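One structure is given below, encoded as structure tokens.
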Amino acid sequence: MRFRPVKVFMALPAYNEEEALPELLERIGEAFADSGLPYEVVIVDDGSKDDTAKIASQMSFQMPIHLVKHEVNSGLGVTIRDGLREAVDRAGERDIIITMDADNTHPPGLINRMVSMINEGCDVVIASRFQPGARVIGVPFERHILSIGARVLFTTLFPTRGVRDYTSGYRAYRASVIRQAFAEHGDNFVGEKGFSCMADILLKLRSQGVMFGEAPLRLRYDQKGGDSKMQVFKTIWLTLKLLGRHRVGNN
């Protein structure tokens, strides 16, 4: 058939998420059952020491899951990169790739709105903590400061139309945009290993001239399963170095 509905590929980086993953996958399944969109979940297990991979394998009997395993922990950047690469290799030109955290803090119910915004013309949609209607519950003070500080720096140095939240990991992308980025940058499309990788991705896509949009995010950190993997001060330092490199490169 010439025409078929858009398919959504979820790329989930997971490291020791046995506590959060079962409920998150249930919520993802319910969201797609409600929307009727065809979908597939790509889980990249980044060398977990718990039952993350086992849970993903068990849930694959109930929903379309493709599991990628790292034998050793490689960091969020490499894991996001491998998830995007696997998703784009499986996706068609019209399909959509969504990244989200696997710790159950991001609401799958927002997927349908993000997909609609892609279909309405956006190339990248960010689930934003800084849009009217957004709410942030239970986020530690230092992470909240990181998000605000990053917004101020990016707005000053790399103002990007349609973007207020530069570090959110919950995003929807046209598959064709991700395919172009890999073609231009190779594995260096996601060159950062840590949490600063999300800013790195945005800056590289910004140079492609893509159209960005944002949907208000209800971030439920009070529902988080397991401990945070982010080292806040290390992330701040890596983000500052990233901004410096891009600033010099642009000049």
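The values are calculated or read from the model by the stated rules, or taken from the named source; none is laboratory data. Quick caveat, the model's predicted, so the values are computed rather than measured. Cβ coordinates were reconstructed from backbone atoms using ideal geometry, including for glycine residues, and neighbour counts include every protein chain displayed. Accessible surface areas use protein heavy atoms only, side chains included; no ligands, DNA or RNA. Shrake-Rupley method; radii C 1.70, N 1.55, O 1.52, S 1.80 Å.
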Out of 138, 133, I need the residue that is of a type in the set (Gly, Ala, Ser) and open to solvent by 50 Å² or more (accessible area, probe 1.4 Å). Which one? 138
By residue number, the members of segment 117-128 that are within 27 Å of residue 3 (Cβ to Cβ), open to solvent by less than 50 Å² (accessible area, probe 1.4 Å) and not in a loop (DSSP other than H, G, I, E, B) are 117, 118, 124, 125
Which one of 82, 50, 101 is assigned to a helix (DSSP H, G or I) and surrounded by fewer than 22 Cβ atoms within 10 Å (Cβ to Cβ)? 82
Can you work out which of the residues in segment 1-34 that are without any contact (Cβ under 8 Å) to a residue 24 or more places away in the chain and of a type outside the set (D, E, K, R) is most open to solvent (accessible area, probe 1.4 Å)? 1
Mind counting the residues in segment 188-209 that are more than 17 Å from the chain's Cα centre (by Cα) and in contact (Cβ under 8 Å) with a residue 24 or more places away in the chain? 1
Selected residue (criterion: farthest from residue 88 (Cα to Cα)) from residues of segment 57-72 that are touching a residue at least 12 places away in the same chain (Cβ under 8 Å) and open to solvent by less than 80 Å² (accessible area, probe 1.4 Å): 59
If the Cβ limit is 6 Å and pairs must be 6+ apart or interchain, which residue in segment 137-166 that is modelled with pLDDT of 75 or more pairs with which residue that is among the polar types (S, T, N, Q) and open to solvent by less than 50 Å² (accessible area, probe 1.4 Å)? 164/128; 165/128
Return yes when residue 161 is among the charged types (D, E, K, R) and part of a helix (DSSP H, G or I) and no when it is not. no
When residue 37 is evaluated against the numbered criteria (1) under 16 Å from the mean Cα position of the chain (by Cα); (2) closer than 28 Å to residue 136 by Cα; (3) open to solvent by 20 Å² or more (accessible area, probe 1.4 Å), which criterion, by number, is the only one it fails? (1)
Look at residue 111 and say whether it is open to solvent by less than 10 Å² (accessible area, probe 1.4 Å), in a strand (DSSP E or B) and touching a strand residue (DSSP E or B) at 6+ places or on another chain (Cβ under 8 Å). no
Residue under question is residue 151, and the condition is that it be open to solvent by 40 Å² or more (accessible area, probe 1.4 Å) and assigned to a loop (DSSP other than H, G, I, E, B); does it hold? no
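Collect the residues in segment 1-35 that are part of a helix (DSSP H, G or I) and among the hydroxyl-bearing types (Ser, Thr, Tyr), keeping them in residue-number order.
If the condition is that a residue be part of a helix (DSSP H, G or I) and among the hydroxyl-bearing types (Ser, Thr, Tyr), then 35 is the only one that fits.
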